[in-house]
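A short worksheet on the structure shown next.
The values are calculated or read from the model by the stated rules, or taken from the named source; none is laboratory data. If you're wondering where the values come from, they're calculated on a predicted model, not measured in any experiment. Positions of Cβ are generated from backbone atoms using ideal geometry, with glycine treated the same way; all protein chains shown enter the neighbour counts.
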Amino acid sequence: MTAARLASRAGERALLPCLALLLAALSILPFGRLLTEGVAPKGVPSFDAIAAALGRSSTWVATIHSLEVAIGGTVVAVLLGSAVALTVTLTDARLRSAFIFCFVLPLMIPPQVTALAWLQVMAPSSPLLGLLGFEPRLGAPNPLYSRQGIILILGLQYAPLVFLALRAGLRGLPGDLVEAARAAGGRPWTVLRTIILPLMAPHLVAATALSFVSCVGNFGIPAFLGIPANYLVLPTLIYQRLAGLGPTALSEVSVLALVIGLIALSGIVLQGLATRGRDSRTTMLSAASRPFALGVWQRPVTWVMWLVVAVMLGLPVLGLLSTSLVPAYGVALSAASATLENYNFVLFGHAASRRAMVNSFLLAAAAAVIIIAISVVLAYFLVWRRSVLLSVLNLAAELPYAVPGVVLAIASILVFLKPLPFFGVSLYNTVWIILFAYVARFLVLGLRPVVGGYSQLDRGLEEAAQVAGAGFFTRLRTIILPVISPSAVAGGFLVFMTAFNELTVSALLWSSGAETLGVVVFGFEQGGESTYASALALVTVVVTLALMLATLAAGRAMPKGALPWRD
């Protein structure tokens with residue numbers, strides 16, 4: 001091996017400790033700090049915080065509520081997402097690409113906006129229902145302010161997540177098995193029950209676990225629908241404790257955060273137990289099976305598919321739009337009453353909204369850029385090198401996204417509540433703590449597309465440059481980046497869209513001057529300003545839609561599977 005190549009290898013090895021320190025700071029340190037605060041708040045083992053948190057009846061009530069809505073929301077999401085995945089992937093229904101885009105779009109819309117939109121649809125004073133002539137009787141309660149309402153909206157929010165997970169498995173379904181069963185006279189329902197569903201069991205179990213964990217950690221939907229009905233789950237209970245008591249409640253809420261983490265972990269453990277001993281591998285290598293022909297049912301099935309989109313996407317967006325156009329909540333929408341004043345106020349007249357727009361844009365953009373930079377380097381080692389350290393780094397990158405966001409928020413507060421050692425600077429109550437949490441939480445969103453890009457890259461040119469003595473950063477700049485950049489851009493888009501409207505983390509980390517869009521929308525609704533909340537929420541929906549359409553326009557340059565809404 002030449003001296004230049006040895007020097008290049010030494011440079012690569014020197015990067016690994018830097019990556020390890022970075023991921024330790026983003027993942028291991030916060031969660032380690034959270035654990036020690038719960039069991040040893042002052043550096044000495046103590047069960048006082050655990051006893052205080054678990055001794056309150058409100059803790060157990062919120063825990064039961066969390067399990068109720070998580071299980072119920074998961075059932076709704078799995079039933080709807082699975083039915084849509086099977087229909088879209090296994091049949092010749094029309095307009096599938098457009099349908100996939102529209103069906104996945106609600107997943108990219110933040111949960112608090114989804115909850116707000118449905119509140120505007122179902123409210124007794126709903127301008128949309130009044131315009132359509134279906135206005136409920138005066139004084140009727142909003143049915144969404146209930147456990148059932150939370151379960152329904154959680155299910156609609158995460159049905160696209162189940163759809164994406166199951167469809168990924170269905171697209172790799174071996175065609176030989178399906179075609180053999182069909183040639184033997186098997187009816188579609190028989191083939192589905194005896195061949196397709198058993199093969200898809202691991203994907204379905206994984207989708208179920210992912211949906212359950214997402215429902216457990218969701219803050220926006222239970223906050224909008226549960227707090228007015230005094231139906232608290234663990235994330236909203238933590239929010240109320242911190243809002244009422246501030247940092248003095250950190251030890252107690254740390255225990256609550258650990259309870260949420262344990263519930264989420266139980267879902268992952270149950271996933272492993274459900275798939276243990278099951279072998280769904282096949283020995284046939286063939287193209288995906290041809291879709292089942294619907295025949296005379298093709299048009300009705302297509303209509304039903306688009307009816308689902310109309311209910312999941314069209315109806316709530318119309319609810320937001322109609323409420324945002326009335327001068328005051330309760331005023332009937334008409335040509336005479338319609339106004340754009342609410343948009344003028346939230347975009348130009350309200351200081352906190354303007355700050356939130358700037359903060360959210362800059363935070364999301366900064367998080368995307370930082371994550372892309374980390375991902376391009378980290379993915380190089382994860383794909384092309386093998387070691388125990390890299391396996392640990394991979395788990396460390398996934399951990400902040402796997403646990404509920406409220407757990408990461410509490411952990412971040414604990415890390416940055418006091419000034420940083422050696423620097424004497426505190427990030428608490430600043431915008432920088434939100435940026436830290438965004439980078440930690442959404443790193444895996446940017447990393448996965450880049451890992452996929454590296455997996456499809458031929459190493460021949462890079463190895464030739466290494467033999468010729470080119471250093472790591474030279475090879476990265478001249479050979480790897482030009483090829484991997486579409487995957488990195490795709491990951492950056494995912495990070496930006498997710499962070500731009502985020503609420504679960506920022507609801508606990510924001511401070512005056514460091515508001516985000518999700519926080520301001522939540523504040524408007526909590527303050528009874530539904531018209532302003534709807535206007536600002538609709539602006540965020542338009543931004544999300546514009547970004548998704550922009551990725552479709554540049555879709556040819558991006559690798560297959562990098563963006564979930566591309567067919």
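Residues that are among the aromatic types (Phe, Trp, Tyr): list the helices (runs of 4 or more DSSP H) wholly contained in region 65-163 that include at least 1 such residues. Before the answer, list the steps.
Working: elements: 96-108, 111-122, 127-132.
Fully inside region 65-163 and qualifying: 96-108, 111-122.
Considering only residues that are in contact with a Lys or Arg (Cβ under 7 Å, 6 or more places away or on another chain) and surrounded by fewer than 23 Cβ atoms within 10 Å (Cβ to Cβ), which ones fall in region 406-437? So that I can check it myself, show each step before the final result.
So the first thing to find is which residues in region 406-437 are in contact with a Lys or Arg (Cβ under 7 Å, 6 or more places away or on another chain), and the list is 408, 411, 414-415, 426.
Selection gives VAL415, SER426.
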Please pick out the residue among PHE345, PHE361 that is assigned by TED's automatic domain parsing to the domain that holds SER511, assigned to a helix (DSSP H, G or I) and under 30 Å from VAL483 (Cα atoms). PHE361
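Residues in region 397-415: is at least one aromatic (Phe, Trp, Tyr), assigned to a helix (DSSP H, G or I), in contact (Cβ under 8 Å) with a residue 24 or more places away in the chain and within 28 Å of PHE219 (Cα to Cα)? So that I can check it myself, show each step before the final result.
Applying the first criterion (aromatic (Phe, Trp, Tyr)) to region 397-415 yields 401.
Next, only the ones that are assigned to a helix (DSSP H, G or I) stay: 401.
Adding the requirement that they be in contact (Cβ under 8 Å) with a residue 24 or more places away in the chain leaves 401.
Those still in the list that are within 28 Å of PHE219 (Cα to Cα) too: 401.
Yes, there is a match, as at least one residue in region 397-415 is aromatic (Phe, Trp, Tyr), assigned to a helix (DSSP H, G or I), in contact (Cβ under 8 Å) with a residue 24 or more places away in the chain and within 28 Å of PHE219 (Cα to Cα).
Conditions tested, residue by residue: (1) modelled with pLDDT of 75 or more; (2) touching an Asp or Glu at 6+ places or on another chain (Cβ under 6 Å); (3) among the aliphatic types (A, V, I, L, M); (4) not assigned by TED's automatic domain parsing to the domain that holds VAL521.
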{"site": "GLY460", "(1), (2), (3), (4)": "no, no, no, no"}
{"site": "VAL483", "(1), (2), (3), (4)": "yes, no, yes, no"}
{"site": "THR498", "(1), (2), (3), (4)": "yes, no, no, no"}
{"site": "ASN501", "(1), (2), (3), (4)": "yes, no, no, no"}
Only one of GLY244, GLY261 is assigned by TED's automatic domain parsing to the domain that holds THR63, within 17 Å of the chain's Cα centre (by Cα) and part of a helix (DSSP H, G or I). Can you tell me which? GLY261
Considering only residues that are surrounded by 23 or more Cβ atoms within 10 Å (Cβ to Cβ) and among the hydroxyl-bearing types (Ser, Thr, Tyr), which ones fall in region 247-269? SER254
Within region 92-122, restricting to residues that are β-branched (Val, Ile, Thr) and in contact with a Ser or Thr (Cβ under 7 Å, 6 or more places away or on another chain), the one that is nearest to LEU545 (Cα to Cα) is ILE109
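Based on this model, can you work out whether THR339 counts as assigned to a helix (DSSP H, G or I) and more than 30 Å from GLN456 (Cα to Cα)? Outline the logic, then answer.
Details: assigned to a helix (DSSP H, G or I): no; more than 30 Å from GLN456 (Cα to Cα): yes.
No.
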